[in-house]
Amino acid sequence: MSSVLVVTRDPSTEVLAERALISGGHDVITANGSNTAIRSLFNVHVDAIVLDSAVGDAEVKEFCRWLQSGNGSYPVVFLAPAGARWLVGALPLNPGRDEIVAKPCESEEIRRAVEKALDAAGEARPDVITFANLTLDSNSHELHGDDAAVQLTPTEFRLMSYLARQRGSIVSSEELLEKVWEFFPGTGSSELVRSHVRNLRSKLRVATGGTELVQTVPRRGYRLL
């Protein structure tokens, strides 16, 4: 079963998409704009996004830019009239993965497009990241070690993934706030990073049987060993 985030301000489109996706066995989360959608992506596991042009041209572009800036692993199904201004040259479609459904549309068209995008995304991305005798599952957000498997929250998963990709390098709190939380440079609290690193360390100890893998480098940041 997949979880799909539906981003729309149109109640009729929301009902149409929900009906289509639930009938196909998918869980549905709704958001009424780009800011709400981004908050949802930090707090719940999402496998695909349905983005409706009814949220407005500016928000569509803003949300797409956010997805492109290191947050583009989600397949996206765009619901838009054929003449939407942002379709040509502004839409960050990932060829062979993302889909466009022309409005007005039927519920079955939405379901088919979402399932096609999910299938394409599943073929294109690796399911697991391996490091330090651990396996990080990108589908379930579980971290598997020799001693146990632990469930990560969406933010913990993003943090763990980023540290794993930068393994051996020192990563500052400022970099993590920009890359993991998507704060603008110079904004965000280092305490937010410390809190999540603390929680992640606790789960890593469970998975590894007590091994400390995230090192604090005073006045510089963190390093995954």
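The values are calculated or read from the model by the stated rules, or taken from the named source; none is laboratory data. As the structure is a prediction and not an experimental result, all values here were calculated from the model. Ideal geometry is used to build each Cβ from the backbone, glycine not excepted, and the neighbour counts take in all protein chains shown.
From the list I49, I38, the lone residue that is within 19 Å of F157 (Cα to Cα) and either at pLDDT 90 or above or not assigned by TED's automatic domain parsing to the domain that holds A117 (or both) is I49. Summed over the range 22-39, the residues that are crowded, with 21+ Cβ neighbours inside 10 Å and touching a helix residue (DSSP H, G or I) at 6+ places or on another chain (Cβ under 6 Å) give a count of 2. Count of the range 170-211 residues, restricted to those that are within 19 Å of the chain's Cα centre (by Cα) and among the basic types (K, R), is 1.
Residues in the range 57-70: is at least one over 22 Å from R97 (Cα atoms), over 13 Å from the mean Cα position of the chain (by Cα), of a type in the set (A, V, I, L, M, F, W, C) and in the same structural domain as V114 (by TED's automatic domain parsing)? Yes, that holds for at least one residue. Applying the set (1) touching a residue at least 40 places away in the same chain (Cβ under 8 Å); (2) closer than 27 Å to I38 by Cβ; (3) in contact with a strand residue (DSSP E or B) (Cβ under 7 Å, 6 or more places away or on another chain); (4) not in a strand (DSSP E or B) to Y222 leaves exactly one unmet item: (4).
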